[in-house]
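Everything below concerns the one structure shown next.
Read-outs throughout are calculated quantities, based only on the coordinates presented, and are distinct from any laboratory measurement. On a predicted model such as this, the values are computed, not experimentally measured, just so you know. Backbone-built Cβ (ideal geometry, glycine too); neighbour counts: all protein chains shown.
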Amino acid sequence: MELLFTLLSFAAISIYSLVVAQIANCKKALAPLGGVCFTIFYFSVASWFNVLILGGYIFFLGAAACLFWLIKNKKSDFWLGFCRPSVYFFLLASLGVIFLFAIRKPLFSTWDEFSLWATAAKLVKISGRLYTTAEIQWAWTATQKPGLILLGYFFDFFGSHAEWRIAAGYDVLLFSCFAALLEPLHGKARSLAAPAALIAFLTPFLFTVYDYYALPSTVYFSALGDIPMGILMAGCLIAWFAEKEHNNVKSFIIPALALFALAYTRDTAFPLAMIAAGIMLVDCVVKAFADKKNVLISVVKGFGLLCVPVAAFVSWMVYLNVAVNVNSFEVGGQDNKNMISLLASGVAELFGVGTTEKFTAIMGNMFSSFFNIKLTVFGSGVILVAAFILITVVALLCQTDKALRIRHGIAALMTGLGFVAFYVFTGFCFVYVLKPIEAESMSGYIRYVFPYYIAWFMLVMYFLLSAAASHSKKAILVGRMFVFAICAVFFVGFIKILPAKNTVIDYYDDFLLERRQAVSYSQQVQQNISKEDGNIFFVSQGDNGMRWFTYCCDMLPLQLDYSFGGGTIAAPGAMAEDTLYYIPLTQAQLKDYLVKNNCKYVFIERIDNNFYSEYKSLFSDELVQCQNGKSALYETVANGGTVMLKLVKTMENI
Amino acid sequence: MKTTKKMYSKLGLAGLLYLLFLALYLFSCTLSLFDGLLFEKSRTQQLTLQDFELVNIQQNLNGELVALTEDPQLVLKTPITHLNNLKYTFKTESAVGEACAFYAKDIEQGYSTRRCVWASRKDNVHSYQFNNKSNTHLRIDATNIAGSRFFISDITINYPLNFYEYFVPSYTEIFYFLLLPIMAAAIISYLRQVFSIIRKKA
């Protein structure tokens, strides 16, 4: 049934793709991107007014009405227009992923997914409201932008919640951008579509996995926003450059929708959206000069595009102010600066006004990291930039249309300048937002910068493909050869560091064993108690917080108590005081905590000898089952001054 | 009808190559089937725990094994001439944990995660597919949970496959089956374009 409902969502998005393509009168390859971005926009608006469920039903009814209208009014020419490699790729890849996920049912598995993304997606599903206002028993600072989570919600709309459906939604977004990349490849150039599609498919792997690793990569089944952010930035720019003319409002529809969706993917996507809009603005001006048209009008048009991410940013800021009374203009962190003062301080220090030692050290680190940190399979940032320049040069050499050559050349240059701005901005974030220990170790450096590299690469690939698609000798002998060469390099890189068994294609079952166990335990707990019964205290010895976060998500709608954020509970003095995640508690303190925090139940995921020896007398069965490696649920029975934990259920293993 | 014809003409070469690859795949499966039918009985081998060196594992008198660390290992004492698959029965009261098997031709180089096969589970039986490795050393990591208590029995290498198991492709094979013919078609089309340019020049 879940598969059927997911296919229904996919069908709805496909229908809206056709409608958006019809309204925008755009290239057919851009239709999927238009459809997906429209869905993100629609559900974002619905979420502001807290009408997600009603909005969802209207969306599906609208899709049915649109389909009826299209079948009745459109002739075969309209449908044949979509018979091109880009659309085939979008349909086949999306359906392939949906079917694969429906069979294998992958689950999320990384820290950030449980601390925000996957938990937020589940909260939206079970409450029908945005996660920002959700009731949760710990400091839930969910002010992250909701675009991707709402896209996941749309794929999860009917039927029961399943994480694979959310991941499938993310993948459909990626494939819609890849379809846009394949836009020039039709007619006689369609033979290039296969290598180009392979390059696009492998891009997220090769730009995020930089070495062989025994565990499977979570690319294509992840709820995180980093990869979609980079690919969607490329999607925005491709949607813009795919149209030769931007003389009417219609040609702005898909780039504007894509810019909005990009700005709504996550907080750090705002600079990317502004850079993308800036590149489009410059292109407007270049085009006006080339065509000897009124430059002022083009500048106004370009500023219109810049307004889209700003509007997205402001709308979310207003929503947060009204709904949860949070000022998202402040970026938080060490100095608690707002965006403007972060930029102003950063630029001032960069130009030597009040430059601190910290600033110099971190920016120095950023500079050397560009040369030294291997962040993709191909090497460090400098190698990537050199490769992008090479691809651009080949693309420009093979481009037969002089006007396009100028536009693409300037766009590539602007993307490079945009990278410098983005890179410096990332440095500012390290200086002012992140903790000193994170800044010193450049923690998360790769994750912060790779989205831009992906976007840059896809854009120059688009320029190369549009040049190689022409039928000149140069395009065929050099351009197309170069595409095949890149494809070969990607394919070899993929086989070398990522055998298919370490990817979404054929990951081994045991990879998600612990997670499946958690889901199974949570379901068993849900069968025994209801949300109204009270909070659940969580015990998992040896946890570093990851298992606590995981169970917080899996137990929903049941509420897991804060439970010290997960760790090893033991008597004071049982472990060295500075042991990481050690929670010293006497038996009396534990009892007090349970009563004070309304913990009506205790879920023991795993115990150790410290826990067993200190607290066994609290439990009705003296933890006999748990000592044998079992997990169990206990009920807190408080009677006067005494507290006893009564065994409710011993968990069955999967 | 017109639309169908147009689409068919677009898919011509690729369709042909898909058929060719399918034929090749079926041919290789059939060869494996014959190989299995001819040699499976002579290759099938039952092993006991005595054939293994137990590392980080304590064996109790009743045959129960206790994982002393998160990395309990059963290392086969002698190399295997031919290793196609492996299965054993794994029983435990506690959580099962991850299970994998390493193979290595040269034991001096040690075991590597690049030569590691993960278990498939059905009921209590763990099975591994090695795809016909010869003269190889074997190490089984049956769980990754320290303190786990379990029983391992019926260890069989090169057990006979069912008829259909020779023909069911893995996800990896399906991926490459989808990818390779279309890539081959793209390369052939491209070469045709290059040759036509060269011919025109000549």
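Can you give the FRET efficiency for A:LYS105 and A:TYR212, using 1/(1 + (r/R0)^6), R0 = 25 Å, r = Cβ-Cβ distance, to the nearest 0.05? Spell out each step's value before the answer.
On the way: r = 27 Å, r/R0 = 1.06.
Step by step, r from the Cβ atoms, then E = 0.40.
For chain A, what is the percent of antiparallel DSSP beta bridges, rounded to the nearest 5? The partial results should precede the final answer.
Values: 15 of 26 bridges.
Roughly 60 percent of the beta bridges in chain A run antiparallel, per DSSP.
With r defined as the distance between the Cβ atoms of A:LEU8 and A:ALA386 and R0 fixed at 56 Å, what FRET efficiency is calculated, to the nearest 0.05?
On the way: r = 46 Å, r/R0 = 0.83.
After rounding, the FRET efficiency stands at 0.75.
Can you give me the span-like helices of chain B, meaning DSSP H runs with 20 Å or more of Cα extent along the axis and Kyte-Doolittle mean at or above -0.5?
The qualifying helices are B:12-43, B:171-201.
Using a Förster radius of 41 Å, what is the FRET efficiency between A:LEU296 and A:LYS74 based on their Cβ-Cβ separation? Nearest 0.05, please. Before the final figure, lay out each step's value.
On the way: r = 39 Å, r/R0 = 0.95.
Efficiency at R0 = 41 Å is approximately 0.60.
Pull up all non-local amide H partners of A:MET651: gap of 5 or more, or a different chain, and H-to-H distance under 5 Å with H placed in the peptide plane.
Close amide H contacts, sequence-distant or interchain: A:SER631, A:ALA632, A:LEU633.
Taking the Cα centre of segment A:435-511 as origin, work out the dipole magnitude from +1 charges on Lys and Arg Cβ and -1 charges on Asp and Glu Cβ, in debye rounded to 20.
On the way: 7 positive and 5 negative charges, 115 e Å.
With only Lys, Arg, Asp and Glu charged at Cβ, the dipole is about 560 debye.
Taking Rh as the Kirkwood radius, which is the inverse of the mean 1/r over Cα pairs, what is the Rg/Rh value for segment B:6-156? Kindly include the intermediate steps, with their values, before the conclusion.
Numbers: Rg = 19.9 Å, Rh = 17.6 Å.
Over the Cα atoms of segment B:6-156, Rg/Rh equals 1.13.
On a 0 to 90° scale, report how tilted helix A:163-181 is relative to the longest principal axis of chain A, with both axes built from alpha carbons and the result rounded to the nearest 10.
Helix A:163-181 sits at roughly 10 degrees to that axis.
Run the helix sum for chain A: -39,500 (n - 2.57) per DSSP H stretch of 4+ residues, divided by residue count, reported at 222 nm to the nearest 500 deg cm²/dmol.
After summing the helix terms and dividing by the residues of chain A, the value is -20000 deg cm²/dmol.
Any chance you could give the angle, 0 to 90 degrees and rounded to 10, that helix A:118-127 forms with the longest Cα principal axis of chain A?
Rounded to the nearest ten degrees, it is 80.
Hey, what number do you get for chain B at 222 nm if only DSSP H runs of n ≥ 4 count, each worth -39500 (n - 2.57), divided across all residues, to the nearest 500? Can you show the working numbers first?
Numbers: 3 runs with 72 residues, N = 202.
Helix contribution divided over all residues of chain B: -12500 deg cm²/dmol.
How many partner chain Cβ atoms sit within 10 Å of a residue's Cβ in peptide A:499-511, on average, as a whole number? Each step should come with its number before you reach the end.
Values: counts 2, 7, 6, 2, 3, 2, 6, 6, 2, 8, 6, 11, 2.
Average per residue, whole number: 5.
Give me the extension gain from B:ASN56 to B:TYR164: residue separation times 0.36 nm, minus the current Cα-Cα distance, reported in nm with one decimal. If you can, show how the numbers build up before the last one.
On the way: separation 108, 0.36 × 108 = 38.88 nm, distance 3.84 nm.
Roughly 35.0 nm would be gained on extension.
Given the pairs A:LYS105/A:LYS501; A:LYS27/A:LYS145; A:LYS28/A:LYS122, which span a C-alpha to C-alpha distance of over 23 angstrom in this model? Don't skip to the end; give the middle numbers.
Working: A:LYS105/A:LYS501 16 Å; A:LYS27/A:LYS145 29 Å; A:LYS28/A:LYS122 34 Å.
Pairs exceeding 23 Å: A:LYS27/A:LYS145; A:LYS28/A:LYS122.
Starting from segment A:336-401, pick out the chymotrypsin sites (Phe, Trp or Tyr not before Pro) whose DSSP state is loop and whose Cβ has at most 15 other Cβ atoms within 10 Å. Intermediate results must be reported in sequence, preceding the final value.
On the way: sites: A:PHE351, A:PHE359, A:PHE367, A:PHE370, A:PHE371, A:PHE378, A:PHE388; in loops: A:PHE351, A:PHE378.
Answer in residue order: A:PHE351.
Provide a whole-number value for the mean count of partner chain Cβ atoms within 10 Å of the Cβ atoms in peptide A:95-105. All intermediate terms of the calculation are to be shown ahead of the outcome.
Numbers: counts 0, 3, 0, 0, 0, 3, 0, 0, 1, 1, 0.
Rounded to a whole number, the mean comes out at 1.
Per residue of B:141-147, count partner chain C-beta atoms within 10 Å of its C-beta, then hand back the mean as an integer. Show your work: numbers first, answer last.
Values: counts 0, 0, 0, 3, 3, 2, 6.
Mean shielding count: 2.
By how many degrees, between 0 and 90 and to the nearest 10, does the Cα long axis of helix A:269-291 differ from the longest principal axis of chain A?
Taking Cα atoms only, the helix is inclined about 10 degrees.
Hey, what do the phi angles of segment A:583-589 turn into as Karplus ³J(HN,Hα) couplings, whole Hz, using 6.51/-1.76/1.60 and θ = phi - 60°, x for Gly and Pro?
Once θ is set to phi - 60°, the couplings for segment A:583-589 become 10, x, 9, 7, 4, 5, 5 Hz.
Compute the longest continuous run of chain A that contains no exposed GluC sites (Glu not before Pro); treat a site as exposed when its DSSP state is not H, G, I, E or B and it has at most 12 other Cβ atoms within 10 Å.
Values: sites that count: A:GLU135, A:GLU245, A:GLU577, A:GLU652.
Between exposed loop sites, the widest span is A:246-576.
Taking segment A:208-296, which trypsin sites (Lys or Arg not before Pro) meet the DSSP loop condition and have no more than 14 other C-beta atoms within 10 Å?
Working: sites: A:LYS244, A:LYS250, A:ARG266, A:LYS287, A:LYS292, A:LYS293; in loops: A:LYS244, A:ARG266, A:LYS292, A:LYS293.
Passing both the DSSP loop test and the Cβ count: A:LYS244, A:LYS292, A:LYS293.
Residues of segment A:276-302 with amide nitrogen under 14 Å from the 7 Å Cα-to-Cβ point of A:GLU245?
Taking a point 7 Å out along Cα→Cβ of A:GLU245, the residues of segment A:276-302 whose backbone N falls under 14 Å are A:288, A:291-293.
Could you derive backbone 3J(HN,Hα) for segment A:618-623 from the dihedral phi with the Karplus parameters 6.51, -1.76 and 1.60 (θ = phi - 60°), listing whole Hz in sequence and x where the residue is Gly or Pro?
Here the 3J(HN,Hα) series is 6, 9, 4, 9, 6, 6 Hz.
Select from B:SER170, B:PHE27, B:SER94 the residue farthest towards the positive end of the dipole of chain B; place +1 on Cβ of Lys and Arg, -1 on Cβ of Asp and Glu, and compute about the Cα centre.
Result: B:PHE27, furthest along the dipole toward the positive end.
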